[in-house]
Ligand SMILES: *Cc1c(COP(=O)(O)O)cnc(C)c1O
């Protein structure tokens, strides 16, 4: 046994990736990554870094916020963002959205920062009134930042960011507004400037159709001012030293050149398709998934985890299974028998849900294939979901395309 090919059988055709990250990487992105790395002084390096910065500003709809790119995943940039805007002993408010807000809170506490949490109400997005109350209760204005996850990938719930901004304003609280867009950017609209978001963080491997490995923070003037005064000890993550024209400084060392070449190509694809068309395609494919899940749900064995239809994300759908059904079995059969890779439950959802990812480089045929594979897995396990799931997805696509 000396290679993966001797351990796993050869599978003809394409294995369908429907995890909500990493997502499919288009061939144009893979091709761009096959260029040789370059000498650090080559202006081409500066050009593809600038291309990524421009691409991110375009997606975030921000004119002048500053972009900081890291050789890191989402967890890395959680830490990067946090250490730049808060110091040990200070307080941040983290809004409960499920597994990802919890994980961010655990990381933030490990950094010596005090975390105030609002509870996650299973199946629901963030309630702006709960945010407003939490800020009003902070009469000494000790909370330095509010952290919100736009789309929580575990619960597949998207919260209303402009409504959260209004809640902060209604409480007349000076805290920075920070949003995690790891799972939403490139799949759904985001307007950093218009929505009054002071800083965001994200990563390459979900809606941005790139391999894992690049994270980013984007900060407006107010966030930069907080960063300048923030006494937290830091070096590698520090925005102050990364604010440079030199690529070596921007990355505090060698940039992940090939990943950035790929990411620039991904922005090119988004531009070619048109941002609004990218969003419309995500809504269309999500509609097909919802049509199938609604049909399956009629048999009583499965249901949407997110109870608020408008808050169901266009990136991923979390499906709750009835007690006695093991979602990990469904996942395994879907992958090993039907070549459809779906995701399982995280944190409090583990063993209770499976998730179908529908973000990034996907089209109708791919979604129908995934739904067919999942339905076949359910049927082969004897889990009754009727016969209308794929049929309704086909109808939905026929009517809405
Ligand atoms: C995936 C994800 C993360 C973590 O990203 P990693 O790259 O796995 O570290 C953080 N936040 C959200 C909302 C995510 O979906």
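Only one of 154, 87 is assigned by TED's automatic domain parsing to the domain that holds residue 222, in a loop (DSSP other than H, G, I, E, B) and within 13 Å of the ligand (Cβ to nearest atom); which?
On the way: 87 fails: within 13 Å of the ligand (Cβ to nearest atom).
Exactly one residue qualifies, and that residue is 154.
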Segments classed as helices (runs of 4 or more DSSP H), wholly inside region 3-61, with at least 3 members that are without any contact (Cβ under 8 Å) to a residue 40 or more places away in the chain: 4-7, 43-60
Single residue of region 21-36 satisfying the filter (under 21 Å from the mean Cα position of the chain (by Cα) and at pLDDT 95 or above) that is nearest to residue 262 (Cα to Cα): 29
Give me the residue from region 95-121 that is within 16 Å of the chain's Cα centre (by Cα) and assigned to a helix (DSSP H, G or I) and, out of that set, surrounded by the fewest Cβ atoms within 10 Å (Cβ to Cβ). 103
Given (1) within 16 Å of the ligand (Cβ to nearest atom); (2) surrounded by fewer than 23 Cβ atoms within 10 Å (Cβ to Cβ); (3) in the same structural domain as residue 140 (by TED's automatic domain parsing), residue 22 misses just (3)
Looking for whichever is at pLDDT 95 or above and either out of contact with any strand residue (DSSP E or B) (no Cβ under 9 Å at 6 or more places or on another chain) or closer than 14 Å to residue 179 by Cα (or both) here; the options are 122, 109, 114. Which one fits? 122
Of all residues making up region 158-187, the number that are within 13 Å of the ligand (Cβ to nearest atom) and out of contact with any strand residue (DSSP E or B) (no Cβ under 7 Å at 6 or more places or on another chain): 2
Residues of region 211-229 satisfying the condition of being under 14 Å from the mean Cα position of the chain (by Cα) and crowded, with 21+ Cβ neighbours inside 10 Å: 214, 215, 216, 217
Quick count over region 122-135, residues being closer than 16 Å to residue 168 by Cα and not in a helix (DSSP H, G or I), is 2
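The values are calculated or read from the model by the stated rules, or taken from the named source; none is laboratory data. Only a predicted model underlies this, so the values are computations on that prediction, with no experimental measurement involved. A quick note on method: Cβ atoms are made from the backbone with ideal geometry, for glycine too, and the neighbour counts reach across all protein chains shown.
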